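Structure first, commentary second.
Any read-out appearing in this document is the output of simple, stated calculations on the displayed coordinates, not a laboratory observation. Worth saying up front: this structure is predicted, and the values here are computed from it rather than measured. Here Cβ is always computed from backbone atoms with ideal geometry, including for glycine, and neighbour counts include all displayed protein chains.
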Amino acid sequence: EMQLLESGGGLAQPGGSLRLSCEVSGFTFSAHAMGWVRQAPGKGLDFVSVISSSGDIPHYADSVRGRFTISRDNSRDTLFLQMSSLRAEDTAIYYCAKKKEAVPDYFDFWGQGTLVIVSS
Amino acid sequence: DIQMTQSPSSLSASVGDRVTITCRASQDSDRWVGWYQQKPGKAPKSLMYGASSLETGVPSRFSGSGSGTDFSLTISNLQPEDFATYYCQQYHCFPPTFGGGTKVEFK
């Protein structure tokens, strides 16, 4: 059974940092691009970042470029999102998602999410 | 960025109804559109990609159509488990963008 388990969310101060992790099981992690999508409380879905299967090609939404870094460790089947210079508007549930093979930037399986709150 | 505009933002329906949700892209998105279902407190679930290709395990009462800028998701014979919020997403151009969502509520 495919599973994506996010962790690392919590309360951070404006300007602070957090590192999110997503441990996966049930599929060949190293064969799939992965991404992060967020959802502010009561709002819709918002793309954050995606990374290639090998980890050498990251892409970011303009709103987070230069502040967030996506990475992965294929030996540990784990995806990461290092978030720095956090702002109140980064407050959201952050979902880890698996990109569907051969379909660009469409996510066919999602984790349950981890909540990030940015507040003083 | 391509803007995706969904309508209606919410609708009320009964079990057995046929409902249609539309999504309009601000630019040509070919058929590179997907749909997701989200229930309260849960992660989104992928329903279909390529405008009309159902994900494995998705009931055939769900169907999609469209190309270019106009897309639709239809649920025929609405079931109790279908009451949820639905999102469209384009992935024709980077960054991928989502519609604002359509909440399907019980009448």
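With all pairs of different C-alpha atoms in the average, the Kirkwood value for the hydrodynamic radius of the protein assembly as shown is 17.9 Å.
In this simple spin-label model, placing a label point 7 Å from the Cα along the Cα-to-Cβ direction at both residue B:26 and residue A:30 gives a separation of 4.1 nm.
Rg/Rh for chain A stands at 0.94; both radii use Cα atoms, and Rh follows the Kirkwood definition.
Look at the alpha carbon pairs under 8 Å that are at least 6 residues apart: their mean separation over the length of chain B gives a relative contact order of 39 percent. For region B:77-105, the residues whose amide N sits under 16 Å from a probe point set 7 Å from the Cα of residue A:63 along the beta carbon direction are B:88-90, B:95-101.
For residue B:94 and residue A:117, the FRET efficiency from 1/(1 + (r/R0)^6), where r spans their Cβ atoms and R0 equals 30 Å, is about 0.60. Rounded to the nearest 0.05, the FRET efficiency derived from the C-beta distance between residue B:12 and residue B:70 at R0 = 22 Å is 0.40.
Within a straight-line Cα-Cα reach of under 23 Å, residue A:99 can be paired with the following lysines, leaving aside sequence neighbours fewer than 8 residues apart in one chain: A:43, B:39, B:42, B:45. Largest GNM mean-square fluctuation across A:87, A:38, A:76, computed for chain A with C-alpha springs under 10 Å, falls on A:76. When cysteine pairs in chain B are screened for C-beta atoms closer than 4.7 angstrom, the residues that find no partner are B:93. Of B:19, B:33, B:58, the residue with the greatest mean-square motion in the GNM of chain B, using alpha carbon springs below 10 Å, is B:58. Between residue B:107 and residue A:84, the modelled label-to-label distance comes to 5.5 nm, taking each label 7 Å out from Cα in the direction of the beta carbon.
Taking every pair of alpha-carbon atoms in chain B, give the share separated by more than 21 Å as a whole percent. The calculated P(r) of chain B puts 27 percent of pairs beyond 21 Å.
Beta bridges per DSSP, both residues in region A:51-114: antiparallel share near 90 percent.
Bridges between two residues of chain B, per DSSP, are antiparallel at a rate of about 90%. Specify the residue with the greatest mean-square fluctuation among A:14, A:104, A:58, computed from a Gaussian network of chain A linking alpha-carbon atoms under 10 Å apart. Fluctuation is largest for A:104. For chain A, the share of DSSP beta bridges that are antiparallel, to the nearest 5, is 90%.
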